[in-house]
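Student: One structure is given below, represented as structure tokens, and several questions about it will come after.
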Amino acid sequence: MSNQTKGNLVDISSNTQVLNLYKKRGRIKRIVCIALSVIFLLSGSGFVYYYSVLNSMNYVDISNDNDNTDSTLPSSSDVFGNGTSSNDLLQNSKVLNVMLFGEDNNHGDKYGRTDTMIMLSIDNIHKKIKLTSFQRDTYVYIPGNGYDKINASYTLGGAKLSIQTIEANFGIKIDRYAVVDFESFIKIIDTLGGIDMEVTQDEIDYINYQMYKNDQTDTATTITDAPGNVHLNGQEALWYARDRGLTKGEDDNEIGIDGDDWDRTSRQRKLLETLFDSMKSADLGQIVSIVSSIGPLITTNLKKDEITALVSNALTYLKYDVEQYYVPEEGLWYYDDDTPSGSVIRIADMEKQRLAFAKFIYEVGDSSSNNGNAQATTSSN
């Protein structure tokens with residue numbers, strides 16, 4: 001990406017309200033001001049409870065994690081193809097990028113597997129929430145490990161290495177992360193009272209099959225509703241989010257259901273968007289209650305004051321439009337069966353993909369926004 005091109009892109013990073021919390025001067029005053037709206041909604045005991053919940057959250061700072069000692073990146077031509085430094089990451093003070101990981105760690109490994117890699121972007125310039133899925137079989141360079149499927153980065157080095165991998169290959173700064181394992185996902189959905197999803201007959205059949213096969217129900221037809229708007233509990237919602245079809249005869253099943261990983265990532269984004277929509281009628285007190293209930297189930301590097309800032313502005317964010325995207329973009333990839341990692345999704349033109357991704361996140365070339373003209377800044381993890 002040339003310097004001229006970068007000059008027309010958007011300077012991308014974290015929300016101004018959150019970023020200001022890191023500035024030493026007046027930091028305590030800002031934290032207190034941000035918290036006032038929360039305080040007014042809570043009694044004295046409620047306020048104490050809210051902060052006790054924040055203290056119980058699984059905060060894990062990965063900035064000084066030395067597990068991945070060799071983070072050496074390939075030459076710029078290997079990843080970027082045109083001489084762009086791998087440390088030049090696009091960021092904007094009015095866009096907060098949070099990487100969301102869904103972790104499967106049934107085997108008790110240090111790092112589990114992740115089939116859910118979604119970047120949630122709060123774009124305060126264009127008043128939008130943006131959800132970007134990364135296809136798990138995308139063939140990318142993993143710092144210190146060479147080329148492999150993108151989801152292998154999580155197995156090798158957890159959230160830190162996955163973030164390094166996405167930044168190195170796609171050039172956009174990721175500000176924060178959050179990890180939810182399968183068990184916590186189920187608890188979160190159940191805590192929220194379940195979720196109403198628009199589902200097809202194939203999706204109902206898949207959920208019913210998996211529920212019965214995994215001894216999570218006594219009947220083969222847990223969901224008896226017709227296709228359409230169906231209420232799902234936590235376990236049913238998890239199977240919905242993991243649905244990538246079912247080959248007839250697989251695991252001795254007698255049904256065949258169309259689907260693939262592209263369908264699965266689409267369902268995951270759809271589920272998140274439905275969650276956002278379901279919360280639009282909530283007031284700030286209810287938002288605080290939800291955060292208090294589900295917060296301890298999430299592992300994140302969002303600090304307490306940042307979470308409070310996000311909660312205080314939640315009603316504004318919930319009014320934003322939601323847009324979706326996936327990497328790699330249609331037309332920019334092909335299947336490659338001849339790699340050490342087996343069959344992969346190979347990006348045909350990384351430069352075009354990087355530009356397309358940046359355009360989605362920062363709406364490059366949008367002359368209606370003076371704040372939308374971003375620049376690349378040197379950033380290191």
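Since every read-out is calculated from the coordinates, none of them should be taken as a lab result. It should be emphasised that the depicted structure is a prediction, and the values quoted were computed from it without experimental measurement. Note that we place each Cβ from the backbone using ideal geometry, even for glycine, and neighbour counts take in every protein chain shown.
Student: Calculate one ³J(HN,Hα) per residue across the stretch 270-278 by plugging θ = phi - 60° into the Karplus curve 6.51 cos²θ - 1.76 cosθ + 1.60, and present them in order as whole Hz with x for glycine and proline.
Tutor: My calculation for the stretch 270-278 gives 4, 5, 4, 5, 5, 4, 4, 4, 5 Hz in order.
Student: Run through the stretch 289-372 and list the trypsin sites (Lys or Arg not before Pro) located in a DSSP loop whose Cβ has at most 15 other Cβ atoms within 10 Å. If you can, show how the numbers build up before the last one.
Tutor: On the way: sites: LYS303, LYS304, LYS319, ARG346, LYS352, ARG354, LYS359; in loops: LYS303, LYS319.
Taking the stretch 289-372 and a limit of 15 other Cβ atoms within 10 Å, the loop trypsin sites (Lys or Arg not before Pro) found are LYS319.
Student: Would you please give the residues with an amide H less than 5 Å from that of LEU232, counting only those at least 5 places away or on a separate chain, with H modeled from the backbone geometry?
Tutor: Here ILE195, ASP196, MET197 satisfy the definition.
Student: Under the rule of at least 5 residues apart or a separate chain, name every residue whose amide H is placed under 5 Å from the amide H of VAL327.
Tutor: So VAL327 has HN proximity to SER133, PHE134, GLN135.
Student: Let me ask something else about it. Sum up the charges of everything whose Cβ sits under 15 Å from the Cβ of LEU192, counting Lys and Arg as +1 and Asp and Glu as -1, but leave LEU192 out.
Tutor: The answer is -3.
Student: Output wanted: per-residue J couplings in Hz (rounded whole) for the stretch 331-343, from phi through Karplus 6.51 cos²θ - 1.76 cosθ + 1.60, θ = phi - 60°, x for Gly and Pro.
Tutor: x, 10, 9, 8, 7, 10, 8, 10, 9, x, 9, x, 6
Student: To the nearest 0.05, what FRET efficiency results for ASP349 and ASN58 with a Förster distance of 51 Å applied to their C-beta separation?
Tutor: 0.85
Student: Among the listed pairs LYS187/LYS359; LYS127/LYS173; LYS110/LYS280, which are separated by more than 30 Å between their Cα atoms?
Tutor: Correct reply: LYS187/LYS359; LYS110/LYS280.
Student: Sort 336-343, 140-147, 191-198, 157-164 for me by packing, meaning the mean count of neighbouring Cβ atoms within 10 Å per residue, highest on top.
Tutor: Top to bottom by mean Cβ count within 10 Å: 157-164, 140-147, 191-198, 336-343.
Student: Then there's this: Once amide H atoms are placed 1.01 Å from N in the peptide plane, what residues at a sequence separation of 5 or more from ASN313, or on another chain, have their amide H within under 5 Å of its amide H?
Tutor: Residues meeting the criterion, in which the H sits 1.01 Å from N, do not exist here.
Student: Once R0 is set to 56 Å, what does the formula 1/(1 + (r/R0)^6) return for the Cβ-Cβ distance between HIS231 and ASP338, expressed as a FRET efficiency to the nearest 0.05?
Tutor: 0.75
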